Structure formats: C-alpha cells, structure tokens
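S.K.: One structure coming up, written as structure tokens, with questions to follow.
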Amino acid sequence: PLFHFASLKSSIPIMVENTNLFIEELKNHNGKMISATNLFENITTRIIIALAFGGDFDIQFMIEKWFVN
C-alpha cells in the first residue's frame, strides 16, 4: 500500500516541503564546500521518516544514530 499510486501521489507535498528545507540548508552554507553525502542522507532520511512513520520521530536523533561517520 505504501507504493500504491494514490499513496505516492499524496506524498508529493511532503517531498516538496523537505526539498524546500534542503534548499534552505544549501543556502545557509554560503558557497562553502560541504559533503553531498551528508546532505542527501539527511533529506532522504527525513522524507522516509515522514512518509513511513508520519514524521513522529526525532529526525535529527535518527540521522545521527543511523549515519555515524
């Protein structure tokens, strides 16, 4: 059911919202070099949590635990 067309279609606003947050994060780096891996891990994790779990988790905590460098 998670990948049913209607479900995916309804997930677009969540993806757009998280993409906008991602763009703002990029703007805050003011042209400095940053790790693309970390940025994409962050946005991917945020979207998956929001879609699969309704976003009712501490996203930053989960990112830190899942992607320990």
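The values are calculated or read from the model by the stated rules, or taken from the named source; none is laboratory data. Treat the numbers as computed from the prediction; the structure is a model and nothing was measured. Cβ atoms come from the backbone with ideal geometry, glycine included; neighbour counts cover every protein chain shown. SASA here: full protein model, heavy atoms, side chains in, ligands and nucleic acids out. Shrake-Rupley method; radii C 1.70, N 1.55, O 1.52, S 1.80 Å.
S.K.: From 49, 63, 59, which residue is in contact with a Lys or Arg (Cβ under 7 Å, 6 or more places away or on another chain) and open to solvent by less than 50 Å² (accessible area, probe 1.4 Å)? Break it down stepwise before answering.
M.R.: Numbers: 49 fails: in contact with a Lys or Arg (Cβ under 7 Å, 6 or more places away or on another chain); 63 fails: in contact with a Lys or Arg (Cβ under 7 Å, 6 or more places away or on another chain).
Testing whether each residue is in contact with a Lys or Arg (Cβ under 7 Å, 6 or more places away or on another chain) and open to solvent by less than 50 Å² (accessible area, probe 1.4 Å) leaves just 59.
S.K.: Residues of the range 1-20 being open to solvent by 70 Å² or more (accessible area, probe 1.4 Å) and either closer than 20 Å to residue 66 by Cα or in contact with a strand residue (DSSP E or B) (Cβ under 8 Å, 6 or more places away or on another chain) (or both), which ones?
M.R.: Once the filter is applied, which keeps residues that are open to solvent by 70 Å² or more (accessible area, probe 1.4 Å) and either closer than 20 Å to residue 66 by Cα or in contact with a strand residue (DSSP E or B) (Cβ under 8 Å, 6 or more places away or on another chain) (or both), the range 1-20 yields nothing.
S.K.: In the range 23-39, is there at least one residue being closer than 22 Å to residue 66 by Cα, without any contact (Cβ under 8 Å) to a residue 40 or more places away in the chain, of a type in the set (Ser, Thr, Tyr) and surrounded by 12 or more Cβ atoms within 10 Å (Cβ to Cβ)?
M.R.: no
S.K.: Which residue out of 64, 17, 41 is at pLDDT 85 or above, assigned to a helix (DSSP H, G or I) and among the charged types (D, E, K, R)?
M.R.: On the way: 64 fails: at pLDDT 85 or above; 41 fails: at pLDDT 85 or above.
So the residue among 64, 17, 41 that is at pLDDT 85 or above, assigned to a helix (DSSP H, G or I) and among the charged types (D, E, K, R) is 17.
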